[in-house]
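A short worksheet on the structure shown next.
The values are calculated or read from the model by the stated rules, or taken from the named source; none is laboratory data. What you see is a predicted model; the values in this text were computed from it and never measured. Glycine also receives a Cβ, built like all others from the backbone with ideal geometry; neighbour counts cover every protein chain displayed. Areas reflect the complete protein model, heavy atoms only, side chains present, ligands, DNA and RNA absent. Shrake-Rupley method; radii C 1.70, N 1.55, O 1.52, S 1.80 Å.
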Amino acid sequence: MSKEKKYKANDVYQERASQAKTVRKIVFISLSAFFVVVLAVIIGGYTYFVNALKPVDASDDGQDVEVHIPVNTSTSQIAQILEDEGVIRNATFFRYYTRYKNESGFQAGTYSLNTSMDTDEIIEELKDGLVMAEAATTIVIPEGLTLNTITERLSEFTGDSQDDIFSFIDDEEFVQSLIEEYDMLTEEILDEDIHHPLEGYLFPASYQFDEEQPDIEAVVRSMLDQMQLVYNERQGIINASDYTFHELLTIGSIVEREAREREDRFTIAGVLHNRLNEGMMLQVDPTVAYAQGEHIYMTTYDDLEVDSPYNTYQHTGLPPGPISTVREEALVAAADPNETNYLYFYARYNGEIIYNEEYDAHLEARDAYRHEWQEAAEDTE
């Protein structure tokens, strides 16, 4: 090999060696930077988590806050209440922390907490159940009730007449103030076709009050607070849905009135979604009963002629708003229903639901079991 070729080969070797060295340097710097970023994220996340568990007012004596925990409130809902009241920094971290420490047994009641308390101190308070006062009144609101029935019950507890209660909760100025206060409430509830703006938004549950005759506004706000907690906790499926929260409550209220069993709630919700997607009328009897303002054992052909936007035998799409109270499971079913090919369902008097894909099969089921509803209606006369 000539000297010239040796020099060229050596130059190539040197150049490749230099390139390899540069590549190794780049890889080393990149890996170092990556590990620095990861370490920073870990340290930052840990620091943020620790700070989130610290008292809201760690530097002073804090502020006393009265916090009410309703009966049957979940840990997630308790966490949201505490954050809303300004007692803790972050509801999500509180929930994860209690799960990590396997804390449970929180007691319902009204607590006097302080913003200088740390998370562990708050947990102990809620476990001890050192409430300020025993409940004087317990109001139970079941699932599937219309606002008309609810106000009848509330009248017995509050001492207000049903007309006065409706005048208060339907007042446009009051409703507008609620829309500004609660994220779940929108201008949709002010639609002129809606019978009552808060229909469907008062969460069915057991509510305790310190007074023998609690103020109607306090009762309504307690029920709205509970629904807001459900709304906050279910943001994932609500946001993933093609429907607004108001529309999901509307679907959920129909599901509530049609289904007795859990699985049926999710399947009926799937049928309703299918009919809506196909542009079909929902044709569900509970909306006709709501349009007429009364309970109907068996919907007749005359009932189907009622002139109302709630009559889903005459109008396509959803009715203007919910037709009853809605349990959390019915709301979840409305937002995340079973996937099914069914387009029809028929509810027997005994609660069994018969599903069909074809209209002729649906008519056969209806004709086979319609007598059950006729006999039940005759027995009530």
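Using a/c under 1.5 as the rounded threshold, could you call segment 139-340 rounded, prolate or oblate? The axes a ≥ b ≥ c are square roots of the C-alpha gyration tensor eigenvalues, and prolate needs a/b larger than b/c, oblate otherwise.
The shape class here is prolate.
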- Using amide H atoms built 1.01 Å from N in the peptide plane, name the residues 5+ places from Glu211, or on other chains, whose amide H lies under 5 Å from its own. Ala136, Thr137
- Of 367-374, 246-253, ordering from highest average Cβ density within 10 Å down gives 246-253, 367-374
- Task: Classify segment 64-128 as rounded, prolate or oblate, taking a ≥ b ≥ c as the square roots of the eigenvalues of its Cα gyration tensor: rounded when a/c is under 1.5, otherwise prolate if a/b is larger than b/c and oblate if not.
- Result: rounded
- Using a 1.4 angstrom probe on heavy atoms only, work out the carbon and sulfur share of the accessible area of segment 243-381 in %. 41
- Could you do me a favour and compute the accessible area per residue for segment 64-128, 1.4 Å probe, result in Å²? 47
- Which of the peptides 331-341, 204-214, 155-165 is most tightly packed, and how do the rest follow, judged by the mean count of other Cβ atoms within 10 Å per residue? 331-341, 204-214, 155-165
- Item | Area of His196 that stays accessible when all protein chains are in place (1.4 Å probe, Å², to 10) | 40
